[in-house]
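Let me begin by presenting the structure, written as structure tokens, before commenting on it.
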Amino acid sequence: MRMLRIGITGPIGCGKSTVAGMLAERGARVIDADDVARATYQEFAVRDAVVARFGESVLLADGSIDRASLARIVFADQDALRDLEAIVHPAVRPRILASIDAAEARGAPAVVVEAIKLVEGGLAELCDEVWLVTCDAPIQRGRLRERGVADDDAERRIAAQRHLRDRVEPVATRRVDTSGSLSDTRRQVEDAWRDAQR
């Protein structure tokens, strides 16, 4: 029997990592696309393409990419965000595919791909299920504030993702609303996990 593949997506600050962590507690192997993307910045080709497009102002003193500086640029400019995705996504996808294969080879009961661009990046089509994780807007903003994200930066990031739900809703097989308590979220995840295993 093929390993269950679950894609998790949703807007920033809505609890994707929390939901993925709960699935990891049940033995699922979690692949965080943002972590994979972060690793690709160390590849010379990706780093050089980012610098060519955005300039040396996105470099730290050690020559690595300053992700915070880059984020301020791309979340304020949709064209810049598309350019960055065009550079990074082709390097991310093969790594995610390799991680899925490795999880299957190890006999994991499931693999979870956590990705903000799950649908746009073509990763949803690799998954048996797509879980859309959402929460109420005031809670989302509060969580970003708790992470130390300045209000103006949070608003830029939220605005950059304003159509995410519309794009994901047609392919979402399950919805997890994390607006309530952690125990409520856990109950939703347990129910969805049980249903997905059938």
### Query
Given the conditions (1) within 29 Å of Ile100 (Cα to Cα); (2) at pLDDT below 95; (3) not β-branched (Val, Ile, Thr), which single one is not true for Ala159?
(1)
### Task
For segment 1-92, please list each of the helices (runs of 4 or more DSSP H) lying entirely inside it that holds at least 1 residues being in contact (Cβ under 8 Å) with a residue 60 or more places away in the chain, open to solvent by 10 Å² or more (accessible area, probe 1.4 Å) and basic (Lys, Arg).
16-24, 67-74
### Task
Go through segment 93-116 and count every residue that is within 13 Å of Ile6 (Cβ to Cβ) and part of a loop (DSSP other than H, G, I, E, B).
3
#### Entry: Odd one out for Glu190, checked against (1) surrounded by 12 or more Cβ atoms within 10 Å (Cβ to Cβ); (2) within 16 Å of the chain's Cα centre (by Cα)
(2)
### Summary
Arg157 passes all but one of the listed conditions (1) free of Cβ contacts under 8 Å to residues at least 24 places away in the same chain; (2) surrounded by 13 or more Cβ atoms within 10 Å (Cβ to Cβ); (3) assigned to a helix (DSSP H, G or I); the exception is number (1)
### Task
Filter segment 122-143 for residues that are surrounded by fewer than 19 Cβ atoms within 10 Å (Cβ to Cβ), at pLDDT 90 or above and not basic (Lys, Arg) and give the result.
Glu125, Leu126, Asp128, Asp136, Ala137, Pro138, Ile139, Gly142
### Message
Filter segment 93-113 down to the residues that are open to solvent by less than 20 Å² (accessible area, probe 1.4 Å) and within 27 Å of Arg53 (Cα to Cα) and list them by number.
### Response
Ile96
### Query
Across segment 141-154, what is the total count of residues that are part of a helix (DSSP H, G or I) and in contact with a helix residue (DSSP H, G or I) (Cβ under 8 Å, 6 or more places away or on another chain)?
6
### Task
Any residue in segment 115-138 that's of a type in the set (Asp, Glu): show its pairings with residues that are assigned to a strand (DSSP E or B) at Cβ separation under 6 Å, as long as the two are six or more apart or on different chains.
Asp128/Leu4; Asp128/Arg5; Glu129/Ile6
### Message
Take Leu164 and tell me if it is over 18 Å from Ala76 (Cβ atoms), open to solvent by less than 20 Å² (accessible area, probe 1.4 Å) and of a type in the set (A, V, I, L, M).
### Response
no
### Summary
Within segment 162-177, the residues that are modelled with pLDDT of 85 or more and assigned to a loop (DSSP other than H, G, I, E, B) are Glu169, Pro170, Val171, Ala172, Thr173
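The values are calculated or read from the model by the stated rules, or taken from the named source; none is laboratory data. Note that the structure is a prediction, hence the values are computed from the model and not measured. Cβ: placed from backbone, ideal geometry, glycine included. Neighbour counts: every protein chain shown. Just so you know, the surface numbers come from the protein's heavy atoms only, side chains and all, with ligands and any DNA or RNA stripped out. Shrake-Rupley method; radii C 1.70, N 1.55, O 1.52, S 1.80 Å.
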